[in-house]
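The values are calculated or read from the model by the stated rules, or taken from the named source; none is laboratory data. All figures in this text were calculated on a predicted structure; none of them were measured in a lab. Note that each Cβ is placed from the backbone with ideal geometry, even for glycine, and that neighbours are counted across all protein chains shown. The accessibility values were calculated without ligands, DNA or RNA, using every heavy atom of the protein model including side chains. Shrake-Rupley method; radii C 1.70, N 1.55, O 1.52, S 1.80 Å.
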Amino acid sequence: LAGYRIYYGTNANSLTQSVNIGTVGVTTYMVSSLSAGTWYFAIRSYNASGVESDLSNVASKTIS
């Protein structure tokens, strides 16, 4: 295990943005500067070769 990628967007079927977490021990991360609305998030882990796991279940959060 080398890290994680958080995928997110305003459509659960199209997570068009991502952030890379290159530290394995990180257990929390806050995506900042999101506009109002419902945002959807999923995560993948990856290894040192860049091979990613399957996408996790999609979760959502409404920003007001």
In order through the stretch 49-54: 3J(HN,Hα) via Karplus (6.51 cos²θ - 1.76 cosθ + 1.60), integer Hz, x for Gly, Pro: 8, x, 6, 9, 6, 5
Quick query: amide H of Ile21 versus all other amide H atoms, modeled in the peptide plane; which residues come in under 5 Å with a sequence gap of 5 or more or a different chain? Tyr4, Arg5, Ile6
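Probe of 1.4 angstrom, ligands and nucleic acids ignored: what's the accessible area per residue over the chain, in square angstrom? Can you show the working numbers first?
Working: 4350 Å² over 64 residues.
Solvent-accessible surface per residue comes out at 68 Å².
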Using a 1.4 angstrom probe on heavy atoms only, work out the carbon and sulfur share of the accessible area of the chain in %. 47
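If r is the Cβ-Cβ distance from Ser14 to Ala48 and R0 is 25 Å, what FRET efficiency results, to the nearest 0.05? Provide the component values of the computation, followed by the final result.
Numbers: r = 29 Å, r/R0 = 1.15.
E(calc), rounded to 0.05, equals 0.30.
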For Ile43, distant residues with modelled amide H under 5 Å away: Tyr7, Ser56
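For the stretch 1-60, which chymotrypsin sites (Phe, Trp or Tyr not before Pro) are both in a DSSP coil and crowded by at most 14 other Cβ atoms within 10 Å?
Values: sites: Tyr4, Tyr7, Tyr8, Tyr29, Trp39, Tyr40, Phe41, Tyr46; in loops: Tyr29.
Answer by residue number: Tyr29.
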Simple label model, 7 Å out from Cα along Cβ direction - Val24 to Ala36, nm: 4.3
For the stretch 58-64, Karplus-derived ³J(HN,Hα) couplings (6.51, -1.76, 1.60; θ = phi - 60°; whole Hz; x for glycine and proline) come out as 8, 10, 10, 8, 9, 9, 10
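Using DSSP to define loop residues, name the trypsin sites (Lys or Arg not before Pro) in the chain whose beta-carbon has at most 15 other beta-carbon atoms within 10 Å.
Working: sites: Arg5, Arg44, Lys61; in loops: none.
Passing sites in the chain do not exist.
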